[in-house]
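Working notes, structure below.
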Amino acid sequence: MTGTSVSNTSEALEHVAIIMDGNGRWANSRGLIRSEGHRQGATNLREVVEAFANEGVSFITLYAFSMENWQRPPKEVQNLFDLLVESVAKNIEGLHRDGVRIQHIGNMVDLPCEVREAIRHAEEVTQNNHQVTLSVAFNYGGRAEIIEAVKKIIKDSIPFSDITEKIIEDRLYTTGLPDPDLIIRTAGEKRLSNFLIWQSAYSEYYFTDVLWPDFGEADVRKAIREYKSRRRKFGTLES
């Protein structure tokens with residue numbers, strides 16, 4: 001999405017990425033265990049994906065599990081793994097009928113076998129769909145992604161003088177995806193947390209205090225209105 005010309009955000013919004021934050025706080029505020037917050041957040045996904053699709057968004061990327069999340073208590077980590085497997089089993093047919101293509105971005109190697117199998121199943125079932133591409137960043141880290149790209153460049157014996165942005169982008173987990181136009185973070189935090197740090201160079205940011213399990217269709221419309229009120233200059237001066 002980088003460029004040299006001024007872009008008015010009245011143009012179509014193509015790619016939205018979301019840092020889904022606040023599941024634990026949602027549960028705590030209701031006297032529930034944290035896993036119930038994660039479960040409620042997972043049930044919210046279908047509505048949000050549908051709402052963005054209805055607004056013409058073709059690419060949605062969700063930050064579901066970061067590499068740093070391994071530092072959480074083992075029981076919570078396992079609950080997140082179990083929830084992903086359960087969510088795939090519960091929602092895959094509906095997403096498939098809706099024309100959603102699911103793809104994983106992140107490191108698969110360290111994930112449990114059942115999680116890898118669920119991810120591969122979702123990708124295989126939906127691989128020919130074209131309505132919306134839903135990318136799930138699971139065991140993902142932006143810095144690790146760039147390191148992996150550098151390793152691939154070295155392995156491919158590409159001379160340093162030939163290295164370009166495209167050479168790097170072709171070796172990222174997100175190869176083939178447009179850079180996000182809009183990155184949303186829920187629950188009041190205002191940072192990227194190692195999410196799409198290469199791809200977000202010219203993204204617009206939208207922060208909301210709404211906790212992820214409460215983020216719904218009205219919040220989708222509000223975020224889009226805010227995005228469309230901005231003017232993206234990509235480093236140029238106003239004409």
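The values are calculated or read from the model by the stated rules, or taken from the named source; none is laboratory data. If you're wondering where the values come from, they're calculated on a predicted model, not measured in any experiment. Glycine gets a Cβ as well: all are built from the backbone with ideal geometry, and neighbour counts include every protein chain shown. What goes into the accessible areas is simple: the full protein's heavy atoms, side chains included, and nothing from ligands, DNA or RNA. Shrake-Rupley method; radii C 1.70, N 1.55, O 1.52, S 1.80 Å.
Does residue 31 qualify as being without any contact (Cβ under 8 Å) to a residue 40 or more places away in the chain and in contact with a helix residue (DSSP H, G or I) (Cβ under 7 Å, 6 or more places away or on another chain)?
No; evaluated as a whole, the condition is false for this residue.
Could you please tell me which pairs satisfy a Cβ distance under 6 Å, a separation of 6+ or placement on different chains, a first residue in segment 91-110 that is farther than 20 Å from residue 57 by Cα and in contact (Cβ under 8 Å) with a residue 24 or more places away in the chain, and a second residue that is of a type in the set (Phe, Trp, Tyr) and buried (at least 17 other Cβ atoms within 10 Å of the Cβ)?
Going by the 6 Å Cβ cut-off, the qualifying pairs are 106/138; 106/140.
Counting just the residues of segment 12-47 that are assigned to a loop (DSSP other than H, G, I, E, B) and out of contact with any strand residue (DSSP E or B) (no Cβ under 9 Å at 6 or more places or on another chain), which one comes out surrounded by the fewest Cβ atoms within 10 Å (Cβ to Cβ)?
Filtering segment 12-47 for residues that are assigned to a loop (DSSP other than H, G, I, E, B) and out of contact with any strand residue (DSSP E or B) (no Cβ under 9 Å at 6 or more places or on another chain), the one surrounded by the fewest Cβ atoms within 10 Å (Cβ to Cβ) comes out as 31.
For segment 73-110, give me each residue that is part of a loop (DSSP other than H, G, I, E, B), open to solvent by 30 Å² or more (accessible area, probe 1.4 Å), in contact with a strand residue (DSSP E or B) (Cβ under 9 Å, 6 or more places away or on another chain) and under 22 Å from residue 194 (Cβ atoms).
107, 108, 109, 110, listed by residue number.
Only residues in segment 157-177 that are closer than 19 Å to residue 59 by Cβ count as the first member; pair them with residues that are of a type in the set (Asp, Glu) and part of a loop (DSSP other than H, G, I, E, B), Cβ under 6 angstrom, at least 6 apart or cross-chain, and list the lot.
Pairs found: none.
Sort out which residues of segment 140-193 are part of a strand (DSSP E or B) and open to solvent by less than 10 Å² (accessible area, probe 1.4 Å), and write them in order of number.
Correct list: 140, 182, 183, 184.
State all residues of segment 111-139 that are surrounded by fewer than 19 Cβ atoms within 10 Å (Cβ to Cβ) and in a helix (DSSP H, G or I); if no residue qualifies, say none.
113, 114, 116, 117, 120, 121, 123, 124, 125
Condition first: among the hydrophobic types (A, V, I, L, M, F, W, C), over 15 Å from the mean Cα position of the chain (by Cα) and more than 17 Å from residue 147 (Cβ to Cβ). Can you find one or more residues in segment 166-186 that meet it?
no
Right, residue 210: open to solvent by less than 60 Å² (accessible area, probe 1.4 Å), in contact with a helix residue (DSSP H, G or I) (Cβ under 6 Å, 6 or more places away or on another chain), closer than 24 Å to residue 46 by Cα and outside any loop (DSSP other than H, G, I, E, B) or not?
no
Would you check if there is a residue in segment 77-87 being closer than 19 Å to residue 41 by Cα and among the charged types (D, E, K, R)?
Yes, there is a match, as at least one residue in segment 77-87 is closer than 19 Å to residue 41 by Cα and among the charged types (D, E, K, R).
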